[in-house]
Structure formats: C-alpha cells, structure tokens
Amino acid sequence: MTISDRDIARRMATATALARECAALALEHRRDPARMNVQAKGRRDFVTAADLAVERLIRERISREFPGDGFLGEEGGGASAPLLWVVDPIDGTNNFARGLPSFAVSIAFCVDGRPVVGAIAEPVTGAIYTARKGGGSFRDEAPIRVSDVGALDQAMIEYGYAERRPVADNLDLARRLLDAGCDVRQVGSAALGLARVAEGCLDAYCELHLNSWDVLAGMLLVEEAGGRFSDFLAGDGMTRGNSVLAATPGLVDDLKRVTGL
Ligand code: LIP
C-alpha cells in the first residue's frame, strides 16, 4: 500500500493529539473512583470505564478523520487492514484501576502490517512519546536514544508476566534474568516499559506473550531510538500476539541466549 509522506504526517499529528487528549480523559476518570466500574475479563485481567471511554474517543476521531483506515483495539477488537490503527486505550489497566501511576495510552498506525507512527502517553507525568518510521524517537520535543550498556550484570531489565503463559514459564524467565546478574523490574505496563527502553532508563524489556496493541507503538519507539526488537509480527503477531524481546544492541545476543526469546 503506498501512502504519501503528507498522509503519514497527518496521522502522526492526529496520534500525538489523541494521546494527549486521552491522557487527560484517563486522569479525569482516575480522579473519581466511583466512575472506575472495574470488570474482570479473566484471571488478573480487568477493564475499566476509562478503557472503554478512551478507546471510543479514539475510534470516533479516526473514523471521522481517516474513514478508510482500519482499527484494531484491545477492547473493541477489529481486523487487520493495509492502513491500520492499533490501540491500547489504557495499557497497565490493573495499575490504573488501583490508583498506581504506571499506565499509558498506546496508539500505533501501521502500513501493510508494520508500524510507521507511534504515540505513547504517560498521563501521570504528562510525557508524550512519539516516533515516526525513519524520523527518530522523542519524549515531548526531546530526541531519545537507547542506553549503551553492554553487559547483563550491568543491566536493568524489565520483564512482564503474561496471563497467557504458565506461571512456571513466567517465573523461569525471571530466574534466568536474575541468574545472569540483571537488575530486574516488573511494573505492569509493557508500553511504558518499552518507552523506558527507548529513552535509555531501562536496557531491555521482555515478556513471553503480548498483544499487538500493547507493543506496536513501543516497538517503533525502540527501533527509532537505536534499539533492537524481536520479530514480533512473525507468523500472525498482529492478531495473535507474540513474545517480546526489546533491548539496546549490546545486550541482544546475550539476552537471546539467556532467555531463549
Ligand atoms: C498489560 C501489559 C503488561 C502485561 C499484562 C497486560 P493491559 O496490558 O502491558 O505488560 O504483563 O498482562 O497485558 O491489559 O493492561 O492493556
């Protein structure tokens, strides 16, 4: 599918504006716990009124501004398309629902199945992370780059535990990282973790299974900030998800060996 630079720039502007607006909407919901309306989707997997309101806002804006584009959202679903928006309205919903600060809005725009625009909002700090294919990664207006850490026993690495994989396998991943001497974190928002890798605060992020809406904006951020990313879209990653290994280049080979990802 061919699309002009101008049309990609228009989508970059819309994604950035939506990230900012949705951050404000999420904070508005967060200020009134009576509006949370937390519902369980599965074990340790929740949705709130904010997830639904944010995704609705984004769907309506995209439908109005880019009626020919497809949409795939965590809460409302969707299908793949040559021009496709992939959205996690609140990434880190469990944190959000309990009043913890680590949650994000994640918006990606893809052409022929690969992200070319990404925007991640961190509502609690007000930061907006953006990336455009070939254009670099930014936190607000400042360029960001991955770290230059080159040894696992000097690295700070976040891992996420995936609901869709056995507890034993999730624990084994954490054990492998600890055995390798890594300083390990687990925060509960993949999108924020990937943004931290892109800005060099973390040296890698790994998880046994994530969905495209958790990952694609962060994947572009990491790659445009000089990082490396596993082949998340292999097979049917867009609709079935995949494992994730995102890292500064100096750690990639050792992390592949240690984690098997
Ligand atoms: C979450 C991810 C997190 C993962 C959770 C969940 P959600 O996304 O960001 O890394 O460990 O299982 O998938 O559900 O809050 O959008």
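Could we say that Gly134 is in the same structural domain as Leu83 (by TED's automatic domain parsing) and farther than 30 Å from Arg35 by Cα here? When the stated conditions are applied, Gly134 passes them. Of all residue pairs spaced 6 or more apart or on separate chains, those with beta-carbon atoms under 8 Å, a first member in the stretch 181-197 that is in contact (Cβ under 8 Å) with a residue 12 or more places away in the chain and not assigned by TED's automatic domain parsing to the domain that holds Ser137 and a second member that is part of a loop (DSSP other than H, G, I, E, B) and among the acidic types (Asp, Glu) are Val197/Asp203.
For the stretch 79-99, the tally of residues that are among the hydrophobic types (A, V, I, L, M, F, W, C) and near the ligand (Cβ under 8 Å from one of its atoms) stands at 2. Condition check: surrounded by fewer than 21 Cβ atoms within 10 Å (Cβ to Cβ), within 29 Å of Gly136 (Cβ to Cβ) and within 16 Å of the ligand (Cβ to nearest atom). Does Arg185 satisfy that? Here the answer is yes, as Arg185 does meet what is asked. Annotation note: Cβ proximity below 7 Å between a residue of the stretch 159-180 that is without any contact (Cβ under 8 Å) to a residue 40 or more places away in the chain and among the small types (Gly, Ala, Ser) and a residue that is away from the ligand (no atom under 14 Å from the Cβ) and assigned to a loop (DSSP other than H, G, I, E, B) (sequence gap 6+ or interchain) occurs for no pair. For Ser137, the test of being within 12 Å of the ligand (Cβ to nearest atom), out of contact with any Cys (no Cβ under 8 Å at 6 or more places or on another chain) and assigned to a strand (DSSP E or B) is failed.
Among the residues of the stretch 40-56, what is the count of those that are in a strand (DSSP E or B) and either away from the ligand (no atom under 14 Å from the Cβ) or farther than 20 Å from Ala104 by Cβ (or both)? Summing the residues that are in a strand (DSSP E or B) and either away from the ligand (no atom under 14 Å from the Cβ) or farther than 20 Å from Ala104 by Cβ (or both) in the stretch 40-56 gives 2.
Selection over the stretch 113-126 of residues that are of a type in the set (Gly, Ala, Ser) and within 14 Å of the chain's Cα centre (by Cα) gives a count of 3. Residues that are within 13 Å of the ligand (Cβ to nearest atom) and either of a type in the set (Lys, Arg) or surrounded by fewer than 24 Cβ atoms within 10 Å (Cβ to Cβ) (or both) were ranked within the stretch 207-228; the one that is farthest from Val111 (Cα to Cα) is Leu208. Whether a residue is surrounded by fewer than 16 Cβ atoms within 10 Å (Cβ to Cβ) and either part of a strand (DSSP E or B) or not assigned by TED's automatic domain parsing to the domain that holds Ala17 (or both) was assessed, and Leu178 passes this test.
The values are calculated or read from the model by the stated rules, or taken from the named source; none is laboratory data. All values reported here derive from a predicted model rather than from experimental measurement. Using ideal geometry, Cβ is built from the backbone for each residue, glycine included, and neighbour counts are taken over all protein chains shown.
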